[in-house]
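The values are calculated or read from the model by the stated rules, or taken from the named source; none is laboratory data. Keep in mind it's a predicted model, so treat the numbers as computed, not measured. Don't worry about glycine lacking a Cβ; one is built from the backbone with ideal geometry, like all the others, and counts go over all protein chains shown. Heavy atoms of the whole protein, side chains included, go into the accessibility calculation; ligands, DNA and RNA do not. Shrake-Rupley method; radii C 1.70, N 1.55, O 1.52, S 1.80 Å.
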Amino acid sequence: TEKEAVGTWMPGILVNTATISAQLYEEATQRPTVDLGEYAIIRHPALPWLFATLDRLAVREVSRDPLGVANPSYNAEGAVELKSTGSYGKKDWEDDAYPVQYAMQNQVQLMCADLSWGSLAALVGNAHFFVKDFERQGGDFEDNLLKGLDAFRNKVMRGEEPLAPVPRSAVEPP
């Protein structure tokens, strides 16, 4: 999803892009967000070395069946990762594309916070705003991502130069 963000910048005034991006996210998605605070760190429930910080939590409408029972297939809350880049980065977000490293970051956030969905939101060139929603992949995907992250961590702990933890093909849903 792309939203024009022209007019959000005030020349000569330093602004917090996360605050602006969060406001644009709320407008574009109609989902309220919550800022957990600058120093809120979430640790993976089973892996004490894996941490995440969430830029925001978003709340989406919980779907209900005809009798009004909430659909338990996903959490109402999701992790929102806010990004900003210059206009040179627009191609990375057009046509439903997104930078794979941010998708991996979002998946780790979902695992650490035990959430079932998340969003990437990007303010690009102070003029365009993009939103991409993700479901938590789980299963083999999550196992492979964690193996890659563990191998990366082990190399760092041994003082070796690590490779990228997971190739792009491993994070793109089938």
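Report, by residue number, each residue of segment 34-53 that is over 23 Å from Ala76 (Cβ atoms) and surrounded by 10 or more Cβ atoms within 10 Å (Cβ to Cβ). Of everything in segment 34-53, those that are over 23 Å from Ala76 (Cβ atoms) and surrounded by 10 or more Cβ atoms within 10 Å (Cβ to Cβ) turn out to be Leu47, Trp49, Leu50, Phe51.
For segment 83-128, taking the residues that are hydroxyl-bearing (Ser, Thr, Tyr) and in contact (Cβ under 8 Å) with a residue 40 or more places away in the chain, the one that is most open to solvent (accessible area, probe 1.4 Å) is identified as Ser87.
Sort out which residues of segment 18-33 are open to solvent by less than 50 Å² (accessible area, probe 1.4 Å) and assigned to a helix (DSSP H, G or I), and write them in order of number.
Within segment 18-33, Ala18, Ile20, Ser21, Ala22, Leu24, Tyr25, Ala28, Thr29 qualify.
Any idea how many residues of segment 132-149 are touching a residue at least 24 places away in the same chain (Cβ under 8 Å) and assigned to a helix (DSSP H, G or I)? Looking only at that region, the number is 6.
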